[in-house]
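Visitor: This is the structure I want to talk about, given as structure tokens.
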Amino acid sequence: MARIAGVNIPTQKRVEIALRYIHGIGPHTAKNIISQLGIDPARRVSDLTESEVIQIRETIDRDYLVEGDLRRDVAMNIKRLMDLGCYRGLRHRKGLPVRGQRTHTNARTRKGPAKAIAGKKKVTK
């Protein structure tokens, strides 16, 4: 099993797909890394030589912000917004949608499960 950027990537998948298991590497970045190193996208991770795995590891370490560093960077950006007290920071602090979505209905991902309102009963006829 190949270990790149602190992540064990699956050996039976194609290189292009396996690289996406690393936080911060998506389809476009994975294609760029493979084309930059001249590796065939159809090859499996198990077919890679040790030197190719080292090349991939060095390229990612040198050129991309991934895993823990990326998570820390994003968390610091959110903390900065919250400390500033700007609108986006307040929305983060309250656990509400940040990018202008409606909250009257939906928004359950950010708000959590619906809470029952005390004293409000359904009217039966």
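Visitor: Being free of Cβ contacts under 8 Å to residues at least 12 places away in the same chain and in a helix (DSSP H, G or I) is the filter here; which residues of the range 23-50 pass it?
Guide: Those that are free of Cβ contacts under 8 Å to residues at least 12 places away in the same chain and in a helix (DSSP H, G or I): 27, 28, 32, 35, 47, 50.
Visitor: I would also like to ask the following. Does the range 42-58 hold any residues that are among the charged types (D, E, K, R) and either at pLDDT below 90 or open to solvent by 60 Å² or more (accessible area, probe 1.4 Å) (or both), and which are they?
Guide: 43, 44, 47, 50, 57, 58
Visitor: For residue 75, are the conditions met, namely being of a type in the set (A, V, I, L, M) and modelled with pLDDT of 95 or more?
Guide: Yes; evaluated as a whole, the condition is true for this residue.
Visitor: Is it true that some residue in the range 102-109 is of a type in the set (Val, Ile, Thr), in a helix (DSSP H, G or I) and at pLDDT below 95?
Guide: The answer is yes, given that some residue of the range 102-109 is of a type in the set (Val, Ile, Thr), in a helix (DSSP H, G or I) and at pLDDT below 95.
Visitor: A further question on this structure: Just the residues that are exposed (fewer than 14 other Cβ atoms within 10 Å of the Cβ) and modelled with pLDDT of 90 or more, please, taken from the range 23-41.
Guide: Hits for the range 23-41 are 26, 27, 28, 31, 35, 36, 37, 38, 40.
Visitor: Further question on the same structure: Counting just the residues of the range 71-113 that are under 28 Å from residue 25 (Cα atoms) and small (Gly, Ala, Ser), which one comes out most open to solvent (accessible area, probe 1.4 Å)?
Guide: Looking at the filtered set, the residue picked out is 100.
Visitor: I need every pair where a residue in the range 51-71 that is charged (D, E, K, R) has its Cβ under 8 Å from the Cβ of a residue that is part of a helix (DSSP H, G or I), sequence separation at least 6 or different chains.
Guide: Short answer, once both residue conditions are applied: 52/37.
Visitor: Which condition does residue 61 not pass, out of (1) charged (D, E, K, R); (2) open to solvent by 70 Å² or more (accessible area, probe 1.4 Å); (3) part of a helix (DSSP H, G or I); (4) more than 21 Å from residue 24 (Cβ to Cβ), if it passes all the others?
Guide: Failed condition: (4).
Visitor: Output the residues belonging to the range 5-22 that are part of a loop (DSSP other than H, G, I, E, B), crowded, with 17+ Cβ neighbours inside 10 Å and modelled with pLDDT of 90 or more.
Guide: Answer for the range 5-22, where residues must be part of a loop (DSSP other than H, G, I, E, B), crowded, with 17+ Cβ neighbours inside 10 Å and modelled with pLDDT of 90 or more: just 22.
The values are calculated or read from the model by the stated rules, or taken from the named source; none is laboratory data. In this text, all values refer to a predicted model and were calculated from it rather than measured experimentally. For neighbour counting, all protein chains shown are included, and Cβ atoms are generated from backbone atoms with ideal geometry for every residue, glycine included. Note: accessible area is taken over every heavy atom of the protein model, side chains too, but ligands, DNA and RNA are not part of it. Shrake-Rupley method; radii C 1.70, N 1.55, O 1.52, S 1.80 Å.
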